[in-house]
Amino acid sequence: MTGYLCLENGSTFKGEVFMDEDDPIQGEIVFFTGMTGYQEVLTDPSYKDQIVVFTYPLIGQYGVNEEDVESANPQVKGVIMLGSPDVHSHYHATSSLKDYLLKWKVPFMTGVDTRQVVKEIRNGGSQNACISYSKGLPGKEKLTGQIEKVALPQVRQLGKGSKHIAVVDFGVKKSIVTSLLELDCRVTVIPFHQLGLLDPLNVDGLVLSNGPGDPKEMMTFLPELKGKMMEIPTLGICLGHQLIALALGGDTDRLLFGHRGANHPVMDNQTGEVFITSQNHNYVVNKESLIGTGLEPRFVNVNDGSLEGLQHRDKPILSVQFHPEARPGPEDASWIFQQFYQSIKQPGREKMYA
């Protein structure tokens, strides 16, 4: 049926709507620039409650399979595409993208001028939007509480490796855990609100996961996190990177429209090398706020100069704003996991990142 995508700034776009509900579906509208990887995006917990605009004009060519998921079910609030084929072709595929979205009751639109939608987001910033069968503006209230929705409530133990890693779950992607398991690690995933479980585990390393929403919603957990970070080699990824900065006295700012896609160039200040990264974030650590924290900028975004990662001067604490596990995206940054693993494996690890 004919329907509308309505943005908070008053812009309206017409297209074909597929959804069961008669009432408007509201979420924060963002865009993703990758040509592939739509299944990973749809199931990434960091996209919770967001309406994702895919900029590539044809989405769904290779269908959907049972393997390329980052969580048990789609997390997005809605999907906007210019086109999505009814026929797909890939030997791993088990259904079309359209059938997958219909199965999980994820509202989506096709026939939308996605280039113009992206221009509106780039000019006006990420904002609320709604998908509906009639024109109407979305509410302006800020969406909150996404982390509580995506972090699983129970502890999970996986693998039988020689080193024991605790992953604090703020909405962790499956592929982050998989990357650690491939390094001969035993992994215990702990919900963010159960940090007290860390003490009896006697882990060798700590990973603070990705997750959706504003990192400052987690402020009450930061004192306990800081205590653990100063004792255990720590890696922060995306939201985890932001939480490390906040825990040690830094600050975060909201970007105008965020970084999302699989083609963001990042430079390592330590080596001068540039590599391509996969990213998905609305917030960024403020460089000026790092004075007195013990943290130093390690990685920087080549496009806009924003901070992409930190390391501590004295402690084995490393953080990255990008996704070293990619999924989707290039694997240029997968060495981050190797460096973290070496920090928990070698004697004198407190100087590993110095």
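Just so you know, all these numbers are worked out from the coordinates, no wet-lab data involved. Since the model is a prediction, treat every value here as computed from it, not as a measurement. Using ideal geometry, Cβ is built from the backbone for each residue, glycine included, and neighbour counts are taken over all protein chains shown.
Ranked for footprinting exposure by Cβ neighbours inside 10 Å, fewest first, Val87, Val302 give Val87, Val302.
Full-extension gain between Met1 and Tyr133, please, as 0.36 nm times their residue separation minus the C-alpha to C-alpha distance. If you can, show how the numbers build up before the last one.
On the way: separation 132, 0.36 × 132 = 47.52 nm, distance 0.77 nm.
The span from Met1 to Tyr133 would gain 46.7 nm if fully extended.
When the chain is fully extended, how far beyond the present Cα-Cα distance does Arg156 get from Lys142, taking 0.36 nm per residue of separation?
On the way: separation 14, 0.36 × 14 = 5.04 nm, distance 3.16 nm.
Between Arg156 and Lys142, full extension yields an extra 1.9 nm.
Multiplying each eigenvalue of the alpha-carbon gyration tensor of the range 185-243 by 5 and taking the square root yields semi-axes of 18, 13, 11 Å, largest first, rounded to whole angstroms.
In this structure the amide hydrogen of Thr252, modeled in the peptide plane, comes within under 5 Å of the amide hydrogens of Asn286, none closer than 5 places in sequence on its chain. The trypsin sites (Lys or Arg not before Pro) of the range 143-177 that DSSP puts in a loop, and whose beta carbon has at most 10 other beta carbons within 10 Å, are Lys160.
Using C-alpha positions alone, give me the convex hull volume of the range 1-149 per residue in cubic angstrom.
Numbers: hull volume 15.0 nm³, N = 149.
Considering the Cα atoms of the range 1-149, their hull volume per residue is 100 Å³.
Shown in residue order for the range 98-105 are the 3J(HN,Hα) couplings computed by the Karplus curve 6.51 cos²θ - 1.76 cosθ + 1.60 at θ = phi - 60°: 4, 5, 5, 5, 5, 4, 8, 6 Hz (x for Gly and Pro).
Across all directions, the average projected area of the convex hull around the alpha carbons of the range 146-351 is 10.4 nm². The simple spin-label model puts a point 7 Å past each Cα toward its Cβ; for Leu255 and Leu102 those points are separated by 3.5 nm.
Over all Cα atoms in the chain, the spread is summed up by Rg and Dmax: 20.2, 64 Å. Modelled spin-label separation between Thr178 and Asn269, with each label point placed 7 Å from Cα along the Cα-to-Cβ direction: 3.3 nm.
Restricting attention to the chain, close to 60% of DSSP beta bridges with both partner residues there are antiparallel. Taking a straight line from the alpha carbon of Lys98, these lysines sit under 26 Å away, with near neighbours fewer than eight places off in the same chain left out: Lys14, Lys48, Lys77, Lys119, Lys135, Lys149, Lys173, Lys174.
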